[in-house]
Amino acid sequence: MNRYEGRRVLITGGGSGIGQATVLRMLAEGGRVVAADVDETGLAATRKLAAEAGTDARLHTVQVDIADEASVREAVAAALAALGGGLDVLVNAAGILRSSHTHETSLEQFDKVIAVNLTGTFLMIREAVPALLRGDAPAVINFSSTSASFAHPYMAAYAASKGGIQSMTHALAAEYSKQGIRFTAVAPGSISSGMTDASGTSTQNAGPGLPQDADFSLFAKLAPALGHGFAGPDAVAGVVAMLGSVDGAFITGTEIRIDGGTHY
Ligand SMILES: NC(=O)c1ccc[n+]([C@@H]2O[C@H](COP(=O)([O-])OP(=O)(O)OC[C@H]3O[C@@H](n4cnc5c(N)ncnc54)[C@H](O)[C@@H]3O)[C@@H](O)[C@H]2O)c1
């Protein structure tokens, strides 16, 4: 499939896990891709994987802290320059997970999770929309989570940030529908990555970090119904690639849950 030939893509969180897999997938489908991440080591790993796949000539990387307004401005400007001034697809995959008993959670930690996940997604969208308005079949894919709709204890800030992203996606889809920008979200769960089992190249996430005395009976469901345990990041990357392509042309203002049936 070459659905991304001629398409210009910016992906945050491109240095690990699902964001990295999405970068490689869209490169493999012919896209020109800017991978953005706070973690330079992760971006180097992404460049190495793209070189191994022979697609690195169409990859550019940029360091960004999506929670920092000035950093986002600079990074989006750099991405647009690398892509020849235009943008067709924005993927907001960067995120952090911090878990704790809510009554022991500092305001600093709560604010940090909201700042990266929710405010960071807003900042990226705000800076990218002017270019997307001039883009070809423009699309934004945001990252919600199963925690937005299903109870995941010890993750109140994370769940709130992801619920906010989901709501924001619907509002944005309505706001820009007549100008042709599609906004969708994916809601992954049980995907092997830096966030879930520290298997990614992320320095920002080291697994879920649940409290030592976590009561697992509080998790309504834990295991994917499809009996192979956690899936790899490609399980989500393929869906994101569909949403940003011509195959997703009639999809906007909604989310797709990708969790192997953990929460059906
Ligand atoms: N893995 C899952 O099961 C799962 C479930 C639900 C949602 N998600 C979402 O998927 C997305 C990708 O996460 P992942 O699972 O691949 O984890 P990951 O830790 O492997 O990747 C997250 C990436 O985001 C980057 N990042 C963190 N803070 C940043 C910042 N301030 N600025 C720029 N980049 C930053 C990290 O450096 C890392 O490269 C996240 O939004 C996450 O919330 C994952």
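Would you list, by chain and number, the lysines whose Cα falls below 29 Å from the Cα of Lys112, excluding same-chain residues fewer than 8 positions away? Straight-line reach from Lys112, under 29 Å: Lys162, Lys221.
Beyond 16 Å, the tail of the calculated P(r) for region 76-193 holds 61 percent of the Cα pairs. Region 229-264 and region 144-175 have their alpha-carbon centroids 16 Å apart. When the Gaussian network model of the chain links Cα atoms closer than 10 Å, the mean-square fluctuations of His103, His228, His170 top out at His103. Label sites at Asp215 and Tyr264, each approximated as a point 7 angstrom past Cα along Cα to Cβ, lie 3.0 nm apart. Note on region 100-114 and region 181-213: Cα centroid distance 17 Å, given to the nearest whole angstrom. Here's the picture: a label point sits 7 Å out from the Cα of Thr203 along the beta-carbon direction, and within region 116-133 the residues with their amide nitrogen under 20 Å of it are 116-117. Per residue, the chain exposes 43 Å² of accessible surface when a 1.4 Å probe is rolled over the protein heavy atoms with every protein chain present. Spin-label pair Ala44-Ala151: with each label point 7 Å from Cα along the Cα-Cβ axis, the two points sit 4.5 nm from one another. Among 89-98, 203-212, the peptide with the highest mean count of other Cβ atoms within 10 Å heads the list, and the full ranking is 89-98, 203-212. Considering only Glu104, Glu175, Glu69, the mean-square fluctuation computed in a Gaussian network model of the chain, springs between alpha carbons under 10 angstrom, is largest for Glu104.
The values are calculated or read from the model by the stated rules, or taken from the named source; none is laboratory data. Remember, it's a predicted structure, so these values are computed and weren't measured experimentally. For neighbour counting, all protein chains shown are included, and Cβ atoms are generated from backbone atoms with ideal geometry for every residue, glycine included. Just so you know, the surface numbers come from the protein's heavy atoms only, side chains and all, with ligands and any DNA or RNA stripped out. Shrake-Rupley method; radii C 1.70, N 1.55, O 1.52, S 1.80 Å.
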